[in-house]
Amino acid sequence: MYRTKRKIKKGPIIAAVLIILIGVGGFFAFKEIRYRMSDTYKLLKIGYNETETNILIEKYNQDQLEQLIKDKKLEPNIPKLLQQKYYMEKNMDRYLKYLKENPETTVKDAVSLVNVNRDRDFYEKLEKTDTSKGDLILVNKYYKLTKDFKPDNIVPISNQFSYEGNEISKHVYEKYRSMWNAAKEEGLMLIVNSSYRDYETQDAVWKDYAEAHGEEWADNKAARAGSSEHETGLALDIVTNDVIMNEFENTEEFKWLQKNAYKYGFILRYPKGKENITGYEYESWHYRYVGEEVAEEIHNLDITFDEYYAYYLDK
């Protein structure tokens, strides 16, 4: 007895294959459509590479990404800026402008400079400094004290620790004496050469320089009245016996201060190599009291007070 072979109907199989193919095709088409709608695709289309795109997506919120995509303008410096330790979102437009106008400047330097307002001219638009910050007030060529500002508890400095006629805030004096005693125990001698000056005295100092050498020279050497740290009662010019200011950095006393001043709350206010940040020539003798905690932070971070203020206090 023979069995007849059953005919396989091809129609349903073909239909099933077509359904599978359509489903797979639809799935990939959906994925492609979703990808083309994604921020990643849109950023790549603008011209950002894969690494830059990942940085932008990681660092920016959705509103910022949408605005960047809407502008459709490639800004290769944006991802680089976002990776900088001291990047501040409020300064983004100023960073980009500064880099465009100064193409030789590194992104890192541009961030440091703009954060401390060096993209603006000195004394162009002086703002009143926030005196409520106490020992951490910022006084420079962008932030000024009012003419009637008087620091509290200004006391005379004994001739044991200073040349005659110097004064300073009482709590700064106490810290300076502790530092002076510690240096003395190691056979070193510190002497205050200059300290607190009122508005009128500072005005006379700057005008003398300006009349003798011109305003530009004077601005490199001294602050205009209202913009000097000496008016805060927190700054001391420190030297040693028979040493003029410009030679102080060659002394053992200076080397000791470099290693120890922060332990007593003092920082070297205008360090070498930071002239473009501080706006002043290097001064090995000018020390500013900011308190032990902040002084140690500035020492460890190896930054200026201007930079510290911008990022940690005014952020």
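The values are calculated or read from the model by the stated rules, or taken from the named source; none is laboratory data. None of the values given here were measured: they were computed from a predicted structure. With ideal geometry, Cβ positions are generated from the backbone for all residues, glycine too; neighbour counts draw on all protein chains shown. Note: areas computed on protein heavy atoms with side chains; ligands, DNA, RNA excluded. Shrake-Rupley method; radii C 1.70, N 1.55, O 1.52, S 1.80 Å.
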* **Total residues in segment 78-93, condition outside any loop (DSSP other than H, G, I, E, B) and within 14 Å of the chain's Cα centre (by Cα)** => 5
* To do: Assess whether Tyr123 counts as being under 22 Å from Tyr308 (Cα atoms) and over 16 Å from the mean Cα position of the chain (by Cα).
  => yes
* **Count of residues meeting criterion [touching a residue at least 60 places away in the same chain (Cβ under 8 Å) and either buried (at least 22 other Cβ atoms within 10 Å of the Cβ) or closer than 19 Å to Val116 by Cβ (or both)] in segment 265-295** => 12
* **segment 63-85, subset of a type outside the set (D, E, K, R) and open to solvent by 40 Å² or more (accessible area, probe 1.4 Å), residue farthest from Thr51 (Cα to Cα)** => Gln67
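Determine whether segment 230-237 contains at least one residue that is open to solvent by 60 Å² or more (accessible area, probe 1.4 Å), among the charged types (D, E, K, R) and either modelled with pLDDT of 95 or more or over 15 Å from Arg288 (Cα atoms) (or both).
No, segment 230-237 has no match at all.
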* Asked: If a residue has to be over 15 Å from Lys42 (Cα atoms) and in contact with a helix residue (DSSP H, G or I) (Cβ under 6 Å, 6 or more places away or on another chain) to count, how many in segment 61-87 make the cut?
  -> 8
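Residue by residue, here is whether (1) closer than 19 Å to Leu268 by Cβ; (2) of a type in the set (D, E, K, R); (3) outside any loop (DSSP other than H, G, I, E, B) holds:
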site: Lys147; (1), (2), (3): no, yes, no
site: Trp180; (1), (2), (3): yes, no, yes
site: Lys184; (1), (2), (3): no, yes, yes
site: Val192; (1), (2), (3): yes, no, yes
site: Arg197; (1), (2), (3): no, yes, no
site: Trp206; (1), (2), (3): no, no, yes
site: Asp219; (1), (2), (3): no, yes, yes
site: Ala225; (1), (2), (3): no, no, no
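If you go through segment 107-114 one residue at a time, do you hit one that is in a loop (DSSP other than H, G, I, E, B) and crowded, with 18+ Cβ neighbours inside 10 Å? Before you say what the answer is, go through the steps one by one.
Start the filter on segment 107-114 by keeping residues that are in a loop (DSSP other than H, G, I, E, B), which leaves none.
For segment 107-114, residues in a loop (DSSP other than H, G, I, E, B) and crowded, with 18+ Cβ neighbours inside 10 Å: absent.
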* Which of the residues spanning segment 115-132 are surrounded by fewer than 19 Cβ atoms within 10 Å (Cβ to Cβ) and either in contact with a helix residue (DSSP H, G or I) (Cβ under 7 Å, 6 or more places away or on another chain) or of a type outside the set (Lys, Arg) (or both)? -> Asp119, Asp121, Phe122, Tyr123, Glu124, Leu126, Glu127, Asp130, Thr131, Ser132
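Out of curiosity, is Tyr209 open to solvent by 70 Å² or more (accessible area, probe 1.4 Å) and in contact with a helix residue (DSSP H, G or I) (Cβ under 7 Å, 6 or more places away or on another chain)? Please lay out each step first, then the result.
Details: open to solvent by 70 Å² or more (accessible area, probe 1.4 Å): yes; in contact with a helix residue (DSSP H, G or I) (Cβ under 7 Å, 6 or more places away or on another chain): yes.
Here the answer is yes, as Tyr209 does meet what is asked.
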* Quick one: is Thr251 open to solvent by less than 50 Å² (accessible area, probe 1.4 Å) and in contact (Cβ under 8 Å) with a residue 40 or more places away in the chain? -> no
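Scan segment 286-301 for residues that are assigned to a loop (DSSP other than H, G, I, E, B) and under 13 Å from Arg269 (Cα atoms) and jot them down.
Within segment 286-301, Val290 is the sole residue that qualifies.
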* Structure fact -> The one condition Leu126 fails out of (1) at pLDDT below 95; (2) more than 30 Å from His230 (Cα to Cα) is (2)
* Structure fact -> Across segment 17-62, the tally of residues that are open to solvent by less than 70 Å² (accessible area, probe 1.4 Å), at pLDDT 65 or above and part of a helix (DSSP H, G or I) stands at 11
* Would you be able to say whether some residue in segment 144-151 is out of contact with any helix residue (DSSP H, G or I) (no Cβ under 8 Å at 6 or more places or on another chain), at pLDDT below 95, under 30 Å from Val239 (Cβ atoms) and open to solvent by 30 Å² or more (accessible area, probe 1.4 Å)? => yes
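Looking at segment 152-173, which of its residues are open to solvent by 40 Å² or more (accessible area, probe 1.4 Å) and either part of a loop (DSSP other than H, G, I, E, B) or at positive phi (or both)?
Restricting attention to segment 152-173, the residues satisfying the condition of being open to solvent by 40 Å² or more (accessible area, probe 1.4 Å) are 152-154, 156, 158-160, 163-165, 167, 170-171.
Across segment 152-173, the qualifying residues are Asp152, Asn153, Ser158, Asn159, Gln160, Tyr163, Glu164, Gly165.
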